[in-house]
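The values are calculated or read from the model by the stated rules, or taken from the named source; none is laboratory data. Please read these numbers as outputs of a predicted model, since none were measured by experiment. All Cβ positions, even for glycine, are placed from backbone atoms using ideal geometry, and neighbour counts span all protein chains on display. Heavy atoms of the whole protein, side chains included, go into the accessibility calculation; ligands, DNA and RNA do not. Shrake-Rupley method; radii C 1.70, N 1.55, O 1.52, S 1.80 Å.
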Amino acid sequence: MKKIVIAGGTGFLGTSIATYFAGAGTEVVILTRGVPGEKNNTNATEAPPPLAGIRLVLWDALTLGDWTKEIYGADILINLCGKTVNCRYTRKNRQAIINSRIVPTQLLGAAIQNCTRPPKLWINASSATIYRHAMDKPQDELTGETEDNFSVQVCKQWEEAFFRMRTPFTRKVALRMAITLGSGGILKPYFNLVKWGLGGRQGSGKQMYSWVHIEDTCRIIAWLLEQKEMEGVYNCSSPEPVSNDIFMKTIRKHTGHFCGLPLFTWMLKLGAAIAGSEPELVLKSRWVVPTKLTASGFAFKYTSLDDAVQNIVANTAHKQYHLF
Ligand SMILES: NC(=O)c1ccc[n+]([C@@H]2O[C@H](COP(=O)([O-])OP(=O)(O)OC[C@H]3O[C@@H](n4cnc5c(N)ncnc54)[C@H](OP(=O)(O)O)[C@@H]3O)[C@@H](O)[C@H]2O)c1
């Protein structure tokens, strides 16, 4: 039986990945700072369903402790820790966003270094937002360009901390994740927008939207374990990104909303200020393609956004995207 340990696995990605692998008969351990549902937990957002094969183990994400024995002999250690970036980038939040990614990365690296039978593979989350705002051409691992703003700097520091940890017996992959689509996560606010008639294009609608279906993310993790020569950085995004305009049209089509009011740039800026978020999350053009994954022979199940959204909507309760 295989074993996967997921640090920060109580969120959207971790819950979905844990469910996928536990369903395939893998032993899954989630490292969490608070057991979801318990009084003392103020952090965890989504609890994994009570599936056989998923165990929650407490850690503080700051110090080595009893939890380290869970990584002994594991096949994969996945690190998904990080404070949500869906907040205002105040000085305090910036520091928390950086620390919540770098500190657990260094801690997991130290645990691997101390382990006599370390995990075969360590996958650390990174983000496709590491590339610049690109309206002219797609960005990939080989020729992609970065820029000097906060979100790019977060990803760079996160990856630097990861690759700085020397783990000679554990292969390392930084997965630059595009916006991951599944039941829950980022689609929730989009479903709310279409529900209230606001599902038109956002800003110019020309900014590119790189996405990946959560099932493909899980399949990529399994693929990385099998392909023992794969290490370094990989873009975890579907090979067919779309514009924001097409993205919104696709969501409307599959949720049965035939029109939606556009949200102009000034509205998004105002809305983000009121909601305590950053307009960049919607307005940045993320045009990212998975050159290295495709070259490795990985075949995506969902290359078309149309198929991906159709599949997700079919598994989502009607009331999430309709008022009545
Ligand atoms: N979802 C996407 O589309 C996407 C795209 C690109 C990159 N990513 C990155 O992938 C990771 C997981 O994404 P997600 O959508 O699953 O996020 P999420 O739902 O917000 O979950 C993040 C997890 O990180 C843990 N965490 C939060 N603050 C922490 C801290 N200070 N120290 C240690 N752990 C902390 C939490 O676990 P506990 O509270 O249980 O400890 C939480 O379950 C994030 O780092 C995110 O930036 C996600």
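Computed quantities for the displayed model
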{"item": "Computed [θ] at 222 nm, helices only, for the chain once each DSSP H run of length n ≥ 4 contributes -39500 (n - 2.57)", "result": "-11000 deg cm²/dmol"}
{"item": "ARG55 long-range amide H proximity, modeled H, under 5 Å", "result": "VAL28, VAL29, ILE30"}
{"item": "Paired Rg and Dmax values of the stretch 118-170, which use every Cα atom, in angstrom", "result": "13.4, 43"}
{"item": "Dipole axis of the chain (+1 Lys, Arg; -1 Asp, Glu on Cβ), positive-most option in ILE312, SER237, PRO290", "result": "ILE312"}
{"item": "Overall form of the stretch 184-272 per C-alpha gyration tensor (a/c, 1.5; a/b vs b/c)", "result": "prolate"}
{"item": "The chain - charge dipole about Cα centre, Lys and Arg +1 at Cβ, Asp and Glu -1, debye rounded to 20", "result": "540"}
{"item": "Dipole of the stretch 189-324 [Lys/Arg +1, Asp/Glu -1 at C-beta], most positive-end residue of LEU263, LEU281, SER210", "result": "LEU263"}
{"item": "Expected-Rg normalisation [2.2 N^0.38 Å, Cα atoms] applied to the chain", "result": "0.97"}
{"item": "Cβ crowding within 10 Å averaged over residues, with 121-131, 196-206, 311-321 ranked highest first", "result": "121-131, 196-206, 311-321"}
{"item": "Note, ³J(HN,Hα) from phi for the stretch 309-323, Karplus 6.51, -1.76, 1.60, rounded to Hz, x at Gly and Pro", "result": "5, 4, 4, 6, 4, 4, 9, 10, 5, 3, 5, 6, 10, 9, 5"}
{"item": "Pairwise centroid distance, computed over Cα atoms, of the stretch 243-265 with the stretch 161-239, Å", "result": "21"}
{"item": "Percentage of interatomic Cα-Cα distances in the stretch 136-228 larger than 16 Å", "result": "73"}
{"item": "Bridge type composition, the chain - antiparallel percent by DSSP, nearest 5", "result": "10"}
{"item": "Quarter of Cα convex hull surface for the stretch 90-137, i.e. mean projection, nm²", "result": "5.3"}
{"item": "Surface accessible to a 1.4 Å probe, per residue, for the residues of the chain, Å²", "result": "46"}
{"item": "Whole-Hz ³J(HN,Hα) from phi, Karplus 6.51 cos²θ - 1.76 cosθ + 1.60, for the stretch 193-200, glycine and proline x", "result": "4, 5, 4, 9, x, 10, x, x"}
{"item": "Sum of side-chain charges, ILE112 neighbourhood, beta-carbon under 10 Å (Lys, Arg +1; Asp, Glu -1)", "result": "+2"}
{"item": "Within the accessible area of the chain (1.4 Å probe), percent carbon and sulfur", "result": "56"}
{"item": "Extended-chain gain in nm, criterion 0.36 nm per residue less alpha-carbon gap, ASN99 and ARG117", "result": "3.7 nm"}
{"item": "Reciprocal mean inverse distance between Cα atoms of the stretch 57-179 - Kirkwood radius, Å", "result": "15.5"}
{"item": "Order by protection proxy (mean Cβ within 10 Å, highest first), peptides 209-217, 80-88, 162-170", "result": "209-217, 80-88, 162-170"}
{"item": "Which listed pairs, of LYS137/LYS301; LYS2/LYS319; LYS3/LYS253; LYS3/LYS292; LYS2/LYS188; LYS83/LYS269, have C-alpha distances above 29 Å, in listed order", "result": "LYS2/LYS319; LYS3/LYS253; LYS2/LYS188"}
{"item": "Sum of side-chain charges, GLU215 neighbourhood, beta-carbon under 13 Å (Lys, Arg +1; Asp, Glu -1)", "result": "0"}
{"item": "In order through the stretch 73-90: 3J(HN,Hα) via Karplus (6.51 cos²θ - 1.76 cosθ + 1.60), integer Hz, x for Gly, Pro", "result": "x, 5, 7, 9, 10, 10, 10, 10, 5, x, 4, 4, 8, 7, 7, 6, 7, 6"}
{"item": "11 Å beta-carbon shell around MET230, net charge (K/R +1, D/E -1)", "result": "+1"}
{"item": "Sequence-distant residues sharing a close amide H with ILE78 (under 5 Å, placed H)", "result": "VAL5, ILE6, ALA7, ILE123"}
{"item": "Cα shape, the stretch 275-323, gyration tensor, a/c 1.5 rule", "result": "oblate"}
